[in-house]
Amino acid sequence: MTPTPELPPERTTYAERRSQRIDALASASAAEEGGVSLIKSAWRRLRRNPVFLVGLAITVAFIALALVAPWLAPWDPAARPLLDDVRPQSNPVPGPEAGHPLGADDKGRDLLSRLLVGSQQTLLVGVLATFFGLLGGLVLGTLAGAVGGWIDSLVMRIVDVMLSIPSLLLAFTLAALATRPSQWTLIIAIATVQVPIFARLLRGSMLAQRASDHVLAARSLGVKQRAIVFRHMLPNALGPVIVQATLVLAVAIIDAAALSFLGLGNPDDRRPEWGQMLGKAQPFLGEAPHLAFYPAACIIVVALGFTLMGESLREALDPKTRR
Amino acid sequence: MSTPMSTHAVHPVHSSEPLLSVRDLRVTFGRRGEQPFKAVDGISFDVRPGQTVGLVGESGCGKSVTSLAIMGLLPTRGNTVEGSAVFDGEDLLRLSPGQMRDRRGREIAMIFQDPLSSLNPVVQIGRQVTEVMERHQGLSRKEAMPKAAELLERVGIPDPKARLVNYPHQLSGGMRQRALIAMALACKPRLLIADEPTTALDVTIQAQILALLKELVVETGTALVMITHDLGVVAGLCDEVNVLYGGRIVERGDRHTLFSRPRHPYTVGLLNSIPRLDAPRGEALSPIPGSVADNLPWDSACAFAPRCPNALDVCVQQTPEWEGDDVVGLRCFNPMGVSR
Ligand SMILES: Nc1ncnc2c1ncn2[C@@H]1O[C@H](COP(=O)(O)OP(=O)(O)OP(=O)(O)O)[C@@H](O)[C@H]1O
Ligand code: SF4
Ligand SMILES: [Mg+2]
């Protein structure tokens, strides 16, 4: 029933490539088996996939760490226990010593504690941005896929325009529009960038659902339009959205770090965030590269975890790679 | 509605008014600028209360499109539907989508070929059965649930109470088709359209499902349109049979006449391709040569001519017209049993 999207040809535009990836995932939901057993059979393959397991382990460890960070951190991230060791001329960044295994930052605050507590902000920004992006995409995609007609054309026109702009650039532009940057402007900017991805994805799987046998069967019983959309189409269309959400989390975390690094995030450094820490480490790259290295490594590892998990999930659900 | 057993005899009472009267139904696919494709090309037939009518033909001859057109379930764009389908005095093809929705499931219901994909994978069986009763009978889910259990019991699902909370993938293929039959018959529709309801099932299950359908239509007096490519299914179930070829009806008759004295060469071909138990050992089945891809356009010829053993010159020059009425008829220049 569902056309399998063609492999991307050699020369395609950026927007086309993004759209094709999204559509391939959408078509997974319409694969012959139907939602429940689709996820089941995907899980059977994933259980033995080391790439997925590594991604899962990193992700779980990160989330667990973020949840217990305040109790784990030896110091308050805003306290300045090593303030006395900071010598702006000779020793701007105090190194490791007893009780401070990673040393301190340029304001004498315990670096380990700041990294631990920083994971919370990173997780919060990522999760909230993904959540709002998902919400917006859900509304637009459901509208476009279920109503069709000119609403569909309009929504998809906007979505395609947004998809043709690289997401980081768009997020950067949106965040820079805010007169007073804060954590919330950051979240909104990143969420907005994710909306077209989720919208296109959901529309694709809603269209596949609309053409499905069980929707035809429900219509043959006179089931009302609203029940068709919300009971028969939407729950079955959500599968690929869940996969996309894990991928978006990875992107959201990287983007959030990038924007904070550029000073477009929360300006208050008493609440640490990895991207912000990385930004503030810039002046000391020569004397204390570790100040930049630790938050950067954290961002990379966590983003890698989400990406490995999301990509192998996507692969497991993709009808083209299934045997 | 109760129809006494006697009216559902081999020869139905033709005097009764038709429940469904399809006239000159045409469905054309293709948007502007494209070459239009006539999937259904002027089909007419009647279904009387309590009667079982078969639509038979090879894949692609327009059986499903006919039934979807009657049900108002064709895609909203990309096709045109002409003709009429009068059901109980109303032309279904002229009703608004909302009016049609009120009739589907209550007056006319349908069952489909693939029972697994026809059920919503993420909704429990019980809820799927009660949904149609909530929709048309104004029952709450609580009121409808015991009725759903009764219905499942009636269609032969063992332990129906436990099945209510099962998901479709937890049921066997036969059970799923039984559940779909229960859903279709939940509001006691007057007409049921079954589109190849047994094609996706094992042979032993097929016979059970057909027996169940037969039993239920007799019991409830529901008229049945049975769509199939399998004349064996028709033989056991239908009062009247319509043989379709290339979007038109080529032969019609009651099943006894059709089976004992088929006249259209295509009907003969279909009959010869049924495996028979009494056939001499080693005798090969004779499938119809060629495929529907060879069809000629009906406008200027007989579509079946390239595959027809009886074809005459006239067959590729003129359209054979329908000779007959709404009970028996034929569309052929050189039928079987007539000297060549
Ligand atoms: N939505 C559509 N758009 C274009 N053509 C269609 C569409 N639906 C059906 N057709 C065409 O109409 C013709 C009749 O199709 P239909 O599904 O009615 O066949 P059928 O007799 O039910 O065959 P089968 O036994 O395979 O179910 C086919 O050639 C098919 O390709
Ligand atoms: S009209 Fe001619 S070609 Fe067509 S079925 Fe009859 S004999 Fe064959
Ligand atoms: Mg069909």
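What to note about this one:
- What the Cβ-Cβ distance of B:T76 and A:L102 gives, at R0 = 60 Å and to the nearest 0.05, is a FRET efficiency of 0.40.
- Span per principal axis, largest first, for the Cα atoms of segment B:57-214 (Å): 46, 38, 28
- The charge dipole of segment B:113-188, taken about its Cα centre with unit charges on the Cβ atoms of Lys, Arg (+1), Asp and Glu (-1) only, comes to about 100 debye.
- Dividing the Cα radius of gyration of segment A:186-271 by 2.2 N^0.38 Å, with N the residue count, gives 1.56.
- Equivalent ellipsoid semi-axes, the protein assembly as shown, via Cα gyration tensor eigenvalues times 5, rooted, Å: 66, 26, 22
- In angstrom, the C-alpha Rg and Dmax of segment A:248-323 are 16.0, 54.
- For segment A:177-222, a drop of 40 Å² or more in accessible area on going from the chain alone to the assembled protein chains (1.4 Å probe) is found at A:D213, A:H214, A:L216, A:A217, A:R219, A:S220, A:L221, A:G222.
- Only protein heavy atoms count here, probed at 1.4 Å, and on that basis chains B and A bury about 2100 Å² of accessible area in total.
- In chain B, the calculated helix contribution to ellipticity at 222 nm averages -8500 deg cm²/dmol per residue, counting -39,500 (n - 2.57) for every DSSP H run with n ≥ 4.
- For chain B, the longest principal axis of the Cα atoms and the long axis of helix B:203-220 meet at an angle of about 70 degrees.
- Computed about the Cα centre, the dipole magnitude for chain B is approximately 800 debye when only Lys and Arg (+1) and Asp and Glu (-1) carry charge, each at its Cβ.
- Buried on complex formation within segment B:153-180 (loss of at least 50 square angstrom of accessible surface versus the isolated chain, 1.4 Å probe, ligands and nucleic acids ignored): B:H169.
- Take each residue in B:94-101, count the other chain C-beta atoms within 10 Å of its C-beta, and the mean is 1.
- Diffusion constant of segment B:46-141 at 4 °C, which comes from Stokes-Einstein with the Kirkwood Cα-pair radius and 1.567 mPa s, µm²/s: 83 µm²/s
- Length-normalised contact order of segment B:113-188 in % [C-alpha pairs under 8 Å, at least 6 apart]: 46 percent
- Unit charges at the beta carbon, dipole of the protein assembly as shown: most positive-side option, B:S300, B:N79, A:S220: A:S220
- Measuring max minus min along each principal axis, the C-alpha atoms of segment B:113-188 give extents of 30, 22, 22 Å (largest first).
- Alpha-carbon Debye profile of chain B, log10 I(q)/I(0) at 0.07, 0.12 Å⁻¹: -0.31, -0.89
- Extending 7 Å from the Cα toward the beta-carbon at both B:A235 and B:I274 defines two label points whose distance is 0.4 nm.
- Per-atom-type breakdown for the protein assembly as shown gives carbon and sulfur 59% of the accessible area (1.4 Å probe, protein chains only).
- 5 Å binning of all Cα-Cα separations within segment A:176-323, expressed as whole percents from 0 upward: 2, 9, 13, 14, 14, 12, 10, 8, 7, 5, 3, 2, 1, 0, 0
- A 1.4 Å probe run over the protein chains yields, for the protein assembly as shown, 46 Å² of accessible area per residue, whole-number rounding.
- Degrees separating the helix B:125-137 axis from the principal Cα axis of chain B, which is the longest one: 80 degrees
- Per-residue shielding of B:102-115, expressed as the average number of other chain Cβ atoms within 10 Å of the residue Cβ, stands at 3.
The values are calculated or read from the model by the stated rules, or taken from the named source; none is laboratory data. Bear in mind the structure is a predicted one, so any value in this text is a computation, not a measurement. Every residue, glycine among them, receives a Cβ derived from its backbone with ideal geometry; neighbour counts consider all protein chains shown. Areas reflect the complete protein model, heavy atoms only, side chains present, ligands, DNA and RNA absent. Shrake-Rupley method; radii C 1.70, N 1.55, O 1.52, S 1.80 Å.
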